[in-house]
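The values are calculated or read from the model by the stated rules, or taken from the named source; none is laboratory data. A quick note: this is a predicted structure, and the numbers were derived from the prediction, not measured. All Cβ positions, even for glycine, are placed from backbone atoms using ideal geometry, and neighbour counts span all protein chains on display. For the accessible areas, the whole protein counts, side chains as well, though only heavy atoms, and no ligand, DNA or RNA atoms are used. Shrake-Rupley method; radii C 1.70, N 1.55, O 1.52, S 1.80 Å.
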Amino acid sequence: VAVAYVTMQLRSQVHRELRADGFVYPVSAGSAQALACGSTNSQSNYSMNVQCYPNSKPFLAYTGATWTHEDSHIAAALDAARTSGGDLHQMFMDIQPSLPHVVLNAADDDYNRAQGVIRAASLAVHTAGTDSVQMWMYDAPTWKQMWLRKPYL
(Lines give C-alpha, C1' and ligand atoms only; values in the text may rest on other atoms or scores of the structure.)
Protein backbone atom coordinates (compact mmCIF):
# COMPACT_ATOMS: atom_id res chain seq x y z
CA VAL A 1 0.00 0.00 0.00
CA ALA A 2 1.66 3.20 -1.16
CA VAL A 3 -0.83 5.74 0.19
CA ALA A 4 -3.44 5.69 2.94
CA TYR A 5 -6.24 8.17 2.37
CA VAL A 6 -8.87 8.90 4.99
CA THR A 7 -11.98 11.06 4.81
CA MET A 8 -14.99 11.45 7.08
CA GLN A 9 -18.41 12.58 5.94
CA LEU A 10 -20.69 13.86 8.67
CA ARG A 11 -24.37 14.58 8.17
CA SER A 12 -27.16 15.72 10.40
CA GLN A 13 -30.68 16.77 9.69
CA VAL A 14 -33.94 17.73 11.27
CA HIS A 15 -36.90 15.54 10.38
CA ARG A 16 -38.68 16.75 7.25
CA GLU A 17 -41.95 17.07 9.20
CA LEU A 18 -40.40 20.08 11.00
CA ARG A 19 -38.81 21.80 7.99
CA ALA A 20 -40.21 24.32 5.52
CA ASP A 21 -39.95 21.68 2.76
CA GLY A 22 -42.05 19.22 4.77
CA PHE A 23 -44.93 17.12 3.55
CA VAL A 24 -48.25 18.92 3.11
CA TYR A 25 -51.55 17.78 4.56
CA PRO A 26 -55.17 18.66 3.87
CA VAL A 27 -57.00 21.49 5.61
CA SER A 28 -60.75 20.95 6.01
CA ALA A 29 -63.20 23.67 5.04
CA GLY A 30 -64.65 25.39 8.09
CA SER A 31 -61.93 24.11 10.42
CA ALA A 32 -59.98 26.30 12.82
CA GLN A 33 -56.94 25.70 10.63
CA ALA A 34 -58.75 26.91 7.48
CA LEU A 35 -59.74 30.07 9.34
CA ALA A 36 -56.20 30.58 10.66
CA CYS A 37 -54.63 30.00 7.24
CA GLY A 38 -57.28 31.92 5.33
CA SER A 39 -57.76 29.00 2.93
CA THR A 40 -58.16 25.27 2.62
CA ASN A 41 -54.85 24.90 0.80
CA SER A 42 -52.81 21.97 2.07
CA GLN A 43 -50.21 22.95 4.66
CA SER A 44 -47.03 21.49 6.10
CA ASN A 45 -46.52 21.32 9.86
CA TYR A 46 -44.00 24.14 9.42
CA SER A 47 -46.36 26.44 7.51
CA MET A 48 -49.25 25.69 9.87
CA ASN A 49 -47.16 26.76 12.85
CA VAL A 50 -45.22 29.63 11.30
CA GLN A 51 -47.58 31.18 8.76
CA CYS A 52 -51.11 30.30 9.84
CA TYR A 53 -50.81 30.83 13.58
CA PRO A 54 -49.26 34.11 14.69
CA ASN A 55 -47.50 32.73 17.80
CA SER A 56 -44.86 30.60 16.09
CA LYS A 57 -42.23 31.16 18.80
CA PRO A 58 -42.69 27.72 20.46
CA PHE A 59 -42.41 25.94 17.11
CA LEU A 60 -39.39 27.97 16.01
CA ALA A 61 -37.76 27.45 19.41
CA TYR A 62 -38.33 23.70 19.05
CA THR A 63 -36.87 23.49 15.53
CA GLY A 64 -33.98 25.77 16.54
CA ALA A 65 -33.22 23.56 19.54
CA THR A 66 -33.39 20.51 17.28
CA TRP A 67 -30.87 21.98 14.83
CA THR A 68 -28.60 22.95 17.73
CA HIS A 69 -28.87 19.40 19.06
CA GLU A 70 -27.95 17.96 15.66
CA ASP A 71 -24.98 20.35 15.44
CA SER A 72 -23.79 19.00 18.79
CA HIS A 73 -23.61 15.50 17.24
CA ILE A 74 -21.29 16.85 14.54
CA ALA A 75 -19.12 18.75 17.04
CA ALA A 76 -18.79 15.68 19.28
CA ALA A 77 -17.85 13.48 16.30
CA LEU A 78 -15.20 15.96 15.13
CA ASP A 79 -13.75 16.24 18.62
CA ALA A 80 -13.55 12.44 18.88
CA ALA A 81 -11.90 12.19 15.45
CA ARG A 82 -9.12 14.43 16.74
CA THR A 83 -8.28 12.10 19.65
CA SER A 84 -5.77 9.28 19.45
CA GLY A 85 -8.62 6.74 19.49
CA GLY A 86 -10.46 8.41 16.61
CA ASP A 87 -7.61 9.71 14.42
CA LEU A 88 -7.80 7.12 11.67
CA HIS A 89 -5.18 8.86 9.53
CA GLN A 90 -2.64 8.54 12.35
CA MET A 91 -3.70 4.96 13.02
CA PHE A 92 -3.08 4.10 9.37
CA MET A 93 0.35 5.72 9.52
CA ASP A 94 1.25 3.42 12.42
CA ILE A 95 0.48 0.22 10.48
CA GLN A 96 3.71 -1.66 9.84
CA PRO A 97 4.50 -2.74 6.27
CA SER A 98 3.72 -6.40 5.81
CA LEU A 99 1.87 -8.76 3.50
CA PRO A 100 -1.15 -7.10 1.79
CA HIS A 101 -3.77 -9.13 3.67
CA VAL A 102 -2.10 -8.30 7.02
CA VAL A 103 -2.10 -4.58 6.17
CA LEU A 104 -5.73 -4.70 5.04
CA ASN A 105 -6.81 -6.53 8.19
CA ALA A 106 -4.94 -4.02 10.37
CA ALA A 107 -6.53 -1.11 8.47
CA ASP A 108 -9.98 -2.67 8.83
CA ASP A 109 -9.45 -3.14 12.58
CA ASP A 110 -8.28 0.48 12.95
CA TYR A 111 -11.27 1.73 10.94
CA ASN A 112 -13.71 -0.18 13.15
CA ARG A 113 -12.04 1.06 16.35
CA ALA A 114 -12.02 4.70 15.20
CA GLN A 115 -15.60 4.47 13.96
CA GLY A 116 -16.69 3.11 17.32
CA VAL A 117 -14.99 5.96 19.20
CA ILE A 118 -16.47 8.63 16.91
CA ARG A 119 -19.97 7.10 16.91
CA ALA A 120 -20.03 6.70 20.70
CA ALA A 121 -18.99 10.34 21.19
CA SER A 122 -21.63 11.54 18.75
CA LEU A 123 -24.39 9.48 20.36
CA ALA A 124 -23.42 10.60 23.87
CA VAL A 125 -25.39 13.82 23.27
CA HIS A 126 -28.60 11.77 23.06
CA THR A 127 -30.17 12.56 26.37
CA ALA A 128 -33.78 13.58 26.77
CA GLY A 129 -34.69 17.21 27.21
CA THR A 130 -37.07 18.39 29.86
CA ASP A 131 -38.83 21.34 28.21
CA SER A 132 -41.94 20.65 26.16
CA VAL A 133 -43.63 22.92 23.66
CA GLN A 134 -47.11 22.81 22.21
CA MET A 135 -47.57 23.07 18.45
CA TRP A 136 -49.89 22.09 15.65
CA MET A 137 -49.05 18.78 13.98
CA TYR A 138 -50.99 16.76 11.44
CA ASP A 139 -52.14 13.47 12.92
CA ALA A 140 -54.27 11.76 10.26
CA PRO A 141 -57.02 12.45 9.64
CA THR A 142 -56.89 15.84 11.35
CA TRP A 143 -54.70 18.61 12.77
CA LYS A 144 -54.05 18.47 16.52
CA GLN A 145 -52.17 20.46 19.09
CA MET A 146 -49.42 18.23 20.44
CA TRP A 147 -46.79 18.54 23.10
CA LEU A 148 -43.28 17.71 21.94
CA ARG A 149 -40.22 17.50 24.15
CA LYS A 150 -37.33 19.70 23.11
CA PRO A 151 -34.04 17.86 22.60
CA TYR A 152 -31.29 18.28 25.13
CA LEU A 153 -28.72 20.91 24.17
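Using 0.36 nm per residue, how much length does the chain from THR68 to ARG119 gain when fully extended, once their Cα-Cα distance is taken away? Mind showing how you got there, number by number?
Numbers: separation 51, 0.36 × 51 = 18.36 nm, distance 1.81 nm.
That pair, THR68 and ARG119, stretches by 16.6 nm at full extension.
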**OP:** Whenever you get a sec, compute what percent of the accessible area on the stretch 29-153 sits on carbon and sulfur atoms (1.4 Å probe).
**Re:** 56 percent
Original post:
Using 7 Å Cα-to-Cβ label points, what is the ARG16/MET146 separation (nm, one decimal)?
Top reply: 1.6 nm
Original post:
Could you give the angle, 0 to 90 degrees to the nearest 10, between helix 57-81's Cα long axis and the longest principal axis of the Cα atoms of the chain?
Top reply: 0 degrees
Original post:
Can you give the angle from 0 to 90° between the axis of helix 100-123 and the longest principal axis of the chain, with both taken from C-alpha atoms, to the nearest 10?
Top reply: 30 degrees
Original post:
Which value, in debye to the nearest 20, describes the size of the charge dipole of the stretch 49-133 about its Cα centre when Lys and Arg Cβ atoms bear +1, Asp and Glu Cβ atoms bear -1, and nothing else is charged?
Top reply: 280 debye
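With every protein chain kept in place and ligands, DNA and RNA left out, what is the accessible area per residue of the chain? Probe 1.4 Å, answer in Å². Let's see the in-between values first.
Values: 9770 Å² over 153 residues.
For the chain, the per-residue accessible area is 64 Å².
Suppose every K and R has +1 on its Cβ and every D and E has -1 on its Cβ; what is the size of the dipole of the chain about the Cα centre, in Debye to the nearest 20? Let's see the in-between values first.
On the way: 10 positive and 12 negative charges, 118 e Å.
That gives a dipole near 560 debye.
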